[in-house]
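Notes for the one structure printed next.
The values are calculated or read from the model by the stated rules, or taken from the named source; none is laboratory data. On a predicted model such as this, the values are computed, not experimentally measured, just so you know. All Cβ positions, even for glycine, are placed from backbone atoms using ideal geometry, and neighbour counts span all protein chains on display.
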Amino acid sequence: MIRRIVVLAVALVSGLAMAAEEPAPLPKEGSGTGVTIGSVALKVLPLGKDRVQMAWEFLGAGVADDGKGLSHNTSVRCVGGGHYASGVPETYTNSCVATRPDGDQYFVTEKVTSSTGLASKGGITQGTSVITGGTGKLAGITGTIEWTRYGVRPALEGTVQTVTRGKVTYKLP
């Protein structure tokens with residue numbers, strides 16, 4: 001009897017997990033707001049008194065404010081680097097992939113438009129991202145993301161944690 005209950009419970013949980021993985025179909029175009037929170041593995045190369053070159057990998061998760069839409073329940077991975085003078089980026093590249101619960105992905109490149117300093121020191125950075133394509137049901141997607149990123153106190157030395165608030169607008173073919 002206990003074995004049947006355990007088998008039934010496992011089947012029920014597995015069924016719910018599989019149902020939760022298929023997001024609702026997206027409209028051909030849309031917009032929404034949300035937040036991405038994550039951690040950065042950071043390599044800082046000092047280049048003198050006030051200059052540094054940095055390389056990073058960001059791992060995080062995104063959720064939409066309305067609980068649905070393009071960026072809801074995504075895992076996010078970005079790789080990038082930048083040259084900073086007195087904490088302000090002179091060059092900055094960041095390329096990201098967001099993976100939705102069904103496995104479809106969309107790709108993003110970022111551009112900084114303003115910065116109050118390094119995220120590792122609590123700085124606030126604003127920018128625009130361009131959605132450059134996708135896979136599966138997101139093939140051919142285009143769009144933009146206007147964002148503000150907040151650096152928070154690191155949980156572990158050598159890392160950076162960030163909270164990014166953004167507004168996404170997209171179109172599917």
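Worth a mention:
- Subset of segment 98-143 (residues that are among the acidic types (Asp, Glu) and more than 14 Å from the chain's Cα centre (by Cα)): ASP102, ASP104
- Candidate set: segment 73-100, residues that are part of a loop (DSSP other than H, G, I, E, B) and polar (S, T, N, Q); chosen: the one farthest from LYS43 (Cα to Cα): ASN73
- Residue match in segment 60-69 (condition: outside any loop (DSSP other than H, G, I, E, B), at pLDDT 95 or above and over 11 Å from the mean Cα position of the chain (by Cα)): yes
- Residues being at pLDDT below 95, over 14 Å from the mean Cα position of the chain (by Cα) and among the hydroxyl-bearing types (Ser, Thr, Tyr) are entirely absent from segment 22-45.
- Scanning segment 80-115 for residues that are exposed (fewer than 14 other Cβ atoms within 10 Å of the Cβ), touching a Ser or Thr at 6+ places or on another chain (Cβ under 9 Å) and touching a residue at least 24 places away in the same chain (Cβ under 8 Å) yields PRO101, GLY103.
- Residue match in segment 134-154 (condition: touching a Gly at 6+ places or on another chain (Cβ under 9 Å), basic (Lys, Arg), assigned to a strand (DSSP E or B) and farther than 18 Å from PRO27 by Cα): yes
Results for (1) within 18 Å of THR148 (Cα to Cα); (2) in contact with a Ser or Thr (Cβ under 9 Å, 6 or more places away or on another chain), shown as yes or no for each residue.
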position: PRO27; (1), (2): no, no
position: GLY32; (1), (2): yes, yes
position: LEU42; (1), (2): no, yes
position: ASN73; (1), (2): no, no
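- Among residues that are in a strand (DSSP E or B) and of a type in the set (Asp, Glu), GLU157 is not included.
- ARG165 vs. criteria at pLDDT 90 or above, touching a helix residue (DSSP H, G or I) at 6+ places or on another chain (Cβ under 9 Å) and not hydrophobic (A, V, I, L, M, F, W, C): no
Condition check ((1) acidic (Asp, Glu); (2) under 30 Å from ALA24 (Cα atoms); (3) not in a strand (DSSP E or B)) across all residues:
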residue: GLY38; (1), (2), (3): no, yes, no
residue: SER71; (1), (2), (3): no, yes, yes
residue: ASP102; (1), (2), (3): yes, yes, yes
residue: GLY127; (1), (2), (3): no, yes, no
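- Segment 74-109: number of residues that are acidic (Asp, Glu) and modelled with pLDDT of 95 or more: 2
- Selected residue (criterion: farthest from ASP50 (Cα to Cα)) from residues of segment 116-136 that are of a type in the set (Ser, Thr, Tyr) and surrounded by fewer than 17 Cβ atoms within 10 Å (Cβ to Cβ): THR135
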